[in-house]
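Derivation of every value follows stated rules applied to the coordinates shown; laboratory data play no part. All figures in this text were calculated on a predicted structure; none of them were measured in a lab. Ideal geometry is used to build each Cβ from the backbone, glycine not excepted, and the neighbour counts take in all protein chains shown.
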């Protein structure tokens, strides 16, 4: 988890755990990524899963 958090957001877990502002920033970014991925998935419409 430490490596993934650092790679994706540039901070370590201890900083994430202790700094409320950083945590909010990371969670906002995660939410934006999630919404974007849902839009992409909706636009694809399941065509990838039907080809497997």
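Using a/c under 1.5 as the rounded threshold, could you call the chain rounded, prolate or oblate? The axes a ≥ b ≥ c are square roots of the C-alpha gyration tensor eigenvalues, and prolate needs a/b larger than b/c, oblate otherwise. Prolate shape, in that a/c is at least 1.5 and a/b is the bigger ratio.
Per residue of the chain, the DSSP helices (runs of n ≥ 4 H) give a summed -39500 (n - 2.57) that works out to -25500 deg cm²/dmol at 222 nm. Residues of the range 1-20 with an amide N closer than 12 Å to a point placed 7 Å from the Cα of residue 31 along the Cα-to-Cβ direction: none.
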